[in-house]
Amino acid sequence: MTRGFPPALLFALVAGLFVATGFMQSWNVSLTILNMALISAIMALGVNIQWGYAGLFNIGIMGFVALGGLAAVIVGMPPVGDAWAAGGVRLILGLVCGAATIAGAMLAWGAMAPGRRRTVAMLVILLGGFALYRFVFDPAKVAVEAVNPANAGYLGGLNLPVILSWPVGGVIAAGAAWLIGKTALGLRSDYLAIATLGIAEIIIAVLKNEDWLARGVKNVIGIPRPVPYEVDLQADPAFVERAASLGTDPATLSSIAVKLAYAGLFTAVLLLILLAAQLALKSPWGRMMRAIRDNEVAAEAMGKDVTRRHLQVFVLGSAVCGVAGAMMTTLDSQLTPGAYQPLRFTFLVWVMVIVGGSGNNWGAVLGGFLIYWLWAMAEPMGLWLKSGIVSTLPEGSWLAAHLEDAAAHMRLLTMGIVLLLVLRFSPRGLIPER
Amino acid sequence: MDPINALVALLNFVVIPATAYGAQLALGALGVTLIYGILRFSNFAHGDTMAFGTAITILGTWGLQSAGVSLGPLPTALLALPVGIAATALLVLGTDRGVYRFYRRQKASPVILVIVSMGVMFIMNGLVRFIIGVDDIGFADGERFIISARGFREATGLEEPLAIRTSQVITLVTAAIAVAALFWFLNRTRTGKSMRAFSDNEDLALLSGINPERVVAVAWIIAAALATTAGVLYGLDKSFKAFTYFQLLLPIFAAAIVGGLGNPLGAIAGGFLIAFAEVLVTYPLKKVLGYLAPGGWEPEGLVQLLSTDYKFAVSFAILIVVLLFRPTGLFKGQSV
């Protein structure tokens with residue numbers, strides 16, 4: 001496949017998949033998949049900015065997505081007044097101590113002459129700072145987590161409209177990416193990969209364990225929505241009338257209306273980011289990034305600051321992933337740190353980018369839609385396939401019973417096969433970079 | 001002050017578990033480092049290769065158990081281990097034929113191979129779940145303890161118990177045999193020498209008439225054997241769960257990189273370093289310090305530096321520090 005299919009045709013085909021799902025299963029299912037596909041497309045754009053533009057091999061997407069989710073909690077949830085009174089200020093103070101320790105150690109490292117004295121000073125600062133941090137922080141943490149642990153036990157958020165959390169999620173992810181990029185971007189590609197993989201695991205571990213922040217594995221539920229609730233719609237007489245005139249019951253129509261509202265918001269964000277990404281790619285900045293990607297040495301010889309540009313693109317791509325993460329948590333109305341798995345949130349996004357066409361924003365978006373649809377549908381398709389096979393087997397065969405359980409695991413297998421096939425036969429993806 | 005009890009507590013809760021865990025990591029890291037040395041890419045599917053080998057071994061164990069075969073006090077899984085190794089070797093050789101060889105011929109860049117190994121990881125992960133499911137499976141049988149906590153207390157009259165599990169001793173013995181065999185193979189046999197030559201300088205090795213396909217195939221077989229052994233030992237020591245094995249990827253890579261990618265000795269040292277650091281930092285040292293501190297000075301808190309769930313953070317922090325200050329690892333590895 002040298003020239004590939006026209007992109008418009010491919011997008012029409014993928015749209016056809018969603019329409020077919022709507023007719024064959026239900027519009028509710030189709031819209032649910034579509035909403036997640038829109039978010040996935042944004043994540044794929046973020047990865048494409050890092051990998052496609054600049055060749056940065058970041059497999060810590062999950063961490064940035066989770067940080068975006070944290071933003072939804074911090075922005076959207078009401079503050080827990082008792083928790084703040086119990087130890088909120090001291091807790092913040094403890095965090096400041098921790099940050100000051102690290103900053104102080106780095107300052108000492110930079111200011112003092114190399115030698116044994118510097119090492120000792122570093123160790124003293126780090127150990128003393130750690131002890132101070134634990135001394136200030138621990139009692140406050142215990143006090144905060146003791147406040148009504150069944151429903152709260154955390155500091156709560158700012159009680160602002162949750163939609164604000166989308167840009168805030170981007171900012172938090174960007175901040176984390178800046179810190180990470182400063183330390184890890186000098187590493188070569190596969191070391192950077194391991195480093196980002198580790199950071200993502202650490203971010204999830206923090207979310208799971210720091211109950212004062214977002215309740216850890218107890219999950220934050222009931223994050224306010226930017227769209228109306230189904231119950232309110234069903235109570236609205238005008239809406240019920242509309243449902244009757246369309247010939248459906250209000251329950252179905254309300255759930256479809258809510259999903260459509262989400263889809264509208266997500267599409268707007270996707271188009272905005274896509275537009276910005278396209279403009280950036282076509283600008284001199286985009287050409288410079290690709291030049292750096294294709295030949296770092298030559299770009300450096302031309303006077304380009306490769307390290308800074310890498311940091312810049314790493315922060316930008318991570319911010320986009322953070323926005324997508326905040327949107328996802330908003331859609332779910334809950335933050336469940338236990339649900340973040342690298343196979344789903346890091347590697348699947350990579351499959352989207354590679355299948356769609358790395359280096360091409362349209363490709364990444366197409367990959368996002370297509371692969372998420374496949375991911376969501378692999379299980380039902382596995383079940384159909386299974387029932388087809390089982391019907392040919394004798395009653396009570398052990399294989400039939402085994403297939404019954406195994407159909408659920410079809411998706412990983414499918415994704416792996418799709419990724420390998422694309423890499424082998426069409427390595428530049430469905431919509432190749434121009 | 002009670003140094004003997006402190007020592008026993010430290011042995012029981014830190015040294016013995018960390019040694020067993022370190023041996024398991026070292027075996028895993030050896031596989032990663034070997035593949036890196038010969039094929040020159042970081043194999044992300046290694047964790048799932050371990051899971052596959054263990055899954056097959058568990059099936060074999062069940063088969064043997066239902067046939068009434070056992071090793072007496074030793075776990076039956078040791079008998080089934082060769083079956084697991086053989087199946088895993090076939091799987092990775094097949095993968096190499098079907099997937100990796102194409103990119104090797106193309107001389108694709110290492111990053112592409114890493115992405116390819118991600119695809120293989122997906123497939124193997126799915127395959128393992130297909131074969132054995134996602135549940136926690138314990139398959140250790142035979143005698144559970146060599147020294148039981150109560151037996152030790154009665155024999156010595158000490159306050160602190162000391163328990164040594166069979167799986168821990170088996171881990172150490174098996175790991176020692178595997179490592180000795182590997183080093184004998186690499187240093188003494190013709191094939192092993194040709195592999196080292198290939199790893200040091202590929203072009204020179206090709207000119208000397210070394211058959212690259214053979215070297216690659218042998219490397220995969222050894223990696224499969226090491227991965228399966230590491231996986232089975234880890235499963236005997238703790239339990240088998242597909243997802244946990246995928247997560248082992250991080251400490252294993254950390255061990256291999258900290259020791260210097262491509263350097264087998266480094267992989268072993270790295271494995272133990274990571275394991276000891278993880279256990280020490282996440283174990284509450286209250287008991288040990290309580291015995292050591294003079295009367296009235298016993299610590300009040302748990303003296304646990306970090307909660308157990310941050311063990312990834314430990315391997316990661318070591319990894320970053322080593323990479324920043326000694327990019328080729330503690331032992332000189334081949335870093336490009």
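Since every read-out is calculated from the coordinates, none of them should be taken as a lab result. All figures in this text were calculated on a predicted structure; none of them were measured in a lab. A quick note on method: Cβ atoms are made from the backbone with ideal geometry, for glycine too, and the neighbour counts reach across all protein chains shown.
So the values come out like this:
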{"quantity": "Alpha-carbon centroids, the range B:152-231 and the range A:237-311: separation in whole Å", "calculated": "49"}
{"quantity": "Signed unit charges on C-beta, dipole axis of the protein assembly as shown, positive-most listed residue B:A149, B:F246, B:T189", "calculated": "B:T189"}
{"quantity": "A:V96 paired with B:E202, simple spin-label distance in nm, labels 7 Å along Cα-to-beta-carbon", "calculated": "5.5"}
{"quantity": "Selected from A:G110, A:M62, A:L164, residue furthest toward positive end of dipole (the range A:58-164; charges at beta carbon)", "calculated": "A:G110"}
{"quantity": "11 Å cut-off, amide nitrogen to a point 7 angstrom out along A:R434 Cα→Cβ, residues in the range A:265-298", "calculated": "A:282"}
{"quantity": "Mean Cα-pair separation over length for chain A, i.e. relative contact order, pairs under 8 Å, 6 or more apart, %", "calculated": "31"}
{"quantity": "Relative contact order for the range B:54-171, counting Cα pairs under 8 Å that sit 6 or more residues apart, in percent", "calculated": "27"}
{"quantity": "Estimated distance in nm for a label pair at B:A149 and A:V120, the labels positioned 7 Å out from Cα along Cα-to-Cβ", "calculated": "4.3"}
{"quantity": "Proximal lysines to B:K286, defined as alpha-carbon separation beneath 19 angstrom and excluding residues fewer than eight positions away on the same chain", "calculated": "B:K311"}
{"quantity": "Straight-distance crosslink candidates among aspartates and glutamates, where the alpha carbon sits under 20 Å from B:K238 and sequence neighbours closer than 8 are dropped", "calculated": "B:D48, B:D135, B:D136, B:D141, B:E143, B:E278, B:D309"}
{"quantity": "Estimated dipole of chain A in Debye, rounded to 20 [Cβ of Lys and Arg +1, of Asp and Glu -1, Cα centre]", "calculated": "1640"}
{"quantity": "Among B:P212, B:P251, B:P264, residue whose mean-square fluctuation peaks in a GNM of chain B (springs only between Cα atoms under 10 Å)", "calculated": "B:P212"}
{"quantity": "Cα centre as origin, Lys/Arg/Asp/Glu Cβ charges: the protein assembly as shown dipole, Debye", "calculated": "2440"}
{"quantity": "Least to most buried among A:W375, A:W84 (fewest other Cβ within 10 Å first)", "calculated": "A:W84, A:W375"}
{"quantity": "Taking A:S283, A:S189, B:S315 and counting other C-beta atoms within 10 Å, the order from fewest to most", "calculated": "A:S283, A:S189, B:S315"}
{"quantity": "Dipole-positive endmost among B:G262, B:A205, B:V322 within the range B:3-325 (Cβ charges, Cα centre)", "calculated": "B:A205"}
{"quantity": "Part-to-part distance (alpha-carbon centres) for the range B:78-119 and the range A:161-182, which is given in Å", "calculated": "38"}
{"quantity": "P(r) of the protein assembly as shown over all Cα-Cα pairs, binned every 10 Å from zero, in whole percent", "calculated": "3, 12, 21, 25, 22, 12, 5, 1, 0"}
{"quantity": "Within straight-line cross-link reach of B:K107, aspartates and glutamates at Cα separation under 16 Å, skipping those fewer than 8 residues along the same chain", "calculated": "B:D96, B:E202, B:D203, B:E213"}
{"quantity": "Ranking of A:V390, A:V231 by count of other Cβ atoms within 10 Å, fewest first", "calculated": "A:V231, A:V390"}
{"quantity": "Charge dipole (debye, nearest 20) of chain B; +1 at Cβ of Lys and Arg, -1 at Cβ of Asp and Glu", "calculated": "1140"}
{"quantity": "Cα-Cα separations in the range B:3-325 greater than 31 Å, expressed as whole percent", "calculated": "35"}
{"quantity": "Computed Kirkwood radius, in angstrom, where 1/r is averaged over Cα pairs of the range B:111-190", "calculated": "17.3"}
{"quantity": "For B:L74, distant residues with modelled amide H under 5 Å away", "calculated": "B:E143"}
{"quantity": "Per-residue mean of C-beta atoms belonging to partner chains within 10 Å, peptide B:124-137", "calculated": "4"}
{"quantity": "Listed residues A:G128, A:G367, A:G46, most fluctuating in chain A (Gaussian network, C-alpha, under 10 Å)", "calculated": "A:G128"}
{"quantity": "For chain B, the longest site-free run once trypsin sites (Lys or Arg not before Pro) in DSSP loop states with at most 15 other Cβ atoms within 10 Å are removed", "calculated": "B:145-331"}
{"quantity": "Choice from A:F18, A:F130, A:F347 with maximal GNM fluctuation in chain A (Cα, 10 Å cutoff)", "calculated": "A:F130"}
{"quantity": "Calculated FRET efficiency for the pair B:L324/A:V390, C-beta based, R₀ 56 Å, to 0.05", "calculated": "0.50"}
{"quantity": "Relative contact order (percent, whole number), the range B:3-325, Cα cutoff 8 Å, 6+ residue spacing", "calculated": "34"}
{"quantity": "Net charge over other residues, Cβ less than 15 angstrom from the Cβ of A:V227 (K, R count +1; D, E count -1)", "calculated": "-2"}
{"quantity": "Residue-by-residue Karplus 3J(HN,Hα) for the range B:172-187, coefficients 6.51, -1.76, 1.60, Hz, glycine and proline x", "calculated": "5, 5, 4, 4, 4, 4, 4, 5, 4, 4, 4, 5, 4, 5, 5, 9"}
{"quantity": "Virtual spin-label span in nm between A:A108 and A:V231, 7 Å along Cα→Cβ", "calculated": "5.6"}
{"quantity": "Peptide A:416-424, shielding by other chains (average Cβ, 10 Å cutoff)", "calculated": "6"}
{"quantity": "Summed side-chain charge close to A:L335 - residues other than A:L335 whose Cβ falls under 15 Å, Lys, Arg +1, Asp, Glu -1", "calculated": "+1"}
{"quantity": "Nearest-0.05 FRET efficiency for A:L271 and A:T183, computed from C-beta distance (R0 41 Å)", "calculated": "0.75"}
